Ligand SMILES: Cc1cc2nc3c(=O)[nH]c(=O)nc-3n(C[C@H](O)[C@H](O)[C@H](O)COP(=O)(O)OP(=O)(O)OC[C@H]3O[C@@H](n4cnc5c(N)ncnc54)[C@H](O)[C@@H]3O)c2cc1C
């Protein structure tokens, strides 16, 4: 008889795990997926494109209903898992019976952070995490509302762009002195700012939100330096927090995320965590690629193969049409590394390659991102670059051509 394997969360990591399991452990597990969103798993990354009107919401489903059926998966969506009884090996579900498991995988993702400032609970304060949020934001934009987006990272920029494109009047406020400071150095961030401003977005840096004004609804925000910005709505896009409550309440070790080992196993045997809710070697990833790599390793582990997850090298792409941004690896460099830089701000191009010990260790590209995947491959493979270092900046085809000559 198949072993009952229950997955909590019906997001991107869950869908990939089912896919990987069906390749390597077909029939070994009877899989049930419990997800609280009221729809089939969808590509969350594409919510930015849905907001920008570039993709239809119904087109972002990861798999059709038949795909889940064909794999014999019991799908419960619109269902919240409320507790884990580790000893009895049961998962409690709100308003429903508990279900037994032999193996349990937590893929509960993250929630958007809400700043704890006065006024944060007023009507008109929203986040940007799921498809219900996007429906709300599209309604605001259609009414040409004045919106302040708090946060100048990837999510904030994509929210601001989508809202502006859909008709809202958008101001983006960012705490730091540059945009996307976790992925870009100062020159790249300055170029990005000027490119995003051409999309009609007003960007305020060094802008620390002190309070949100309004009686019952948002009327504006005030920054700690006294600046005020009138607004009908505020969108928090200032970070995420892994959803760890289920694990923590069950007595499973958590830190920022649910702590897992190199088999993606939590401190409780037979209970695993992958994706944004997991913390591996002190790192919680906020991107989909690590979640997919973890899903692949976990499926193989559950199939009985000797594998382990060593961590991921992450890369970021901004999805703002006409503003191509790529960042990967150690983009700032250290005292022991060197950087090759091309800065042509007039033409909207910036390239920085960081080299340490004869290998490419980081890259930032703005404008021309055609070689992004090649640079990422060089970073991941740790291939020595001395043989083509001089030409590397000009891209893969020129480099390979000069190598061959
Ligand atoms: C707008 C946007 C744009 C993004 N763009 C990019 C990008 O360009 N590149 C990139 O790499 N990443 C991007 N991301 C991040 C990416 O979407 C996530 O890294 C990825 O979705 C993580 O997958 P996950 O399965 O861990 O979490 P999720 O996809 O969030 O899935 C978790 C699911 O678990 C459910 N859940 C939580 N608790 C419970 C419970 N108790 N019971 C039942 N269900 C529960 C949640 O509701 C959710 O449906 C973006 C995210 C957003 C919001």
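Can you tell me what share of the DSSP beta bridges in segment 36-180 is antiparallel? A percent to the nearest 5 is fine. In segment 36-180, approximately 60 percent of DSSP beta bridges are antiparallel ones. Largest GNM mean-square fluctuation across 249, 225, 262, computed for the chain with C-alpha springs under 10 Å, falls on 225.
When the chain is treated as a Gaussian network with alpha carbon springs shorter than 10 Å, the biggest mean-square fluctuation among 123, 390, 267 belongs to 390.
In the elastic network of the chain, a GNM with C-alpha springs shorter than 10 Å, the most mobile of 264, 302, 137 is 302. Name the residues of segment 278-303 whose amide N is less than 15 Å from a point 7 angstrom out from the Cα of residue 359 along the C-beta direction? Those under the cut-off are none; the list is empty. Only beta bridges with both residues in the chain are counted; by DSSP, about 55 percent of them are antiparallel. Projected label points at residue 120 and residue 56, each 7 Å from Cα along the beta carbon direction, are separated by 3.8 nanometres. Peptides 367-377, 341-351, 170-180, 100-110 ranked from most to least packed, by the mean per-residue count of other Cβ atoms within 10 Å: 100-110, 170-180, 367-377, 341-351.
Ordered by the count of other Cβ atoms within 10 Å of each Cβ, fewest first, 277, 284 give 284, 277.
Dividing the mean sequence gap of close Cα pairs (under 8 Å, 6+ apart) by how many residues segment 247-405 holds gives a relative contact order of 13 percent. Between residue 98 and residue 204, the simple spin-label model (points 7 angstrom out along Cα→Cβ) gives 5.1 nm.
Throughout, read-outs are computed from the coordinates displayed, never taken from laboratory work. This one's a predicted model, so the numbers in the text were calculated from it and none came from an experiment. All Cβ positions, glycine included, derive from the backbone under ideal geometry; neighbour counts span all protein chains shown.
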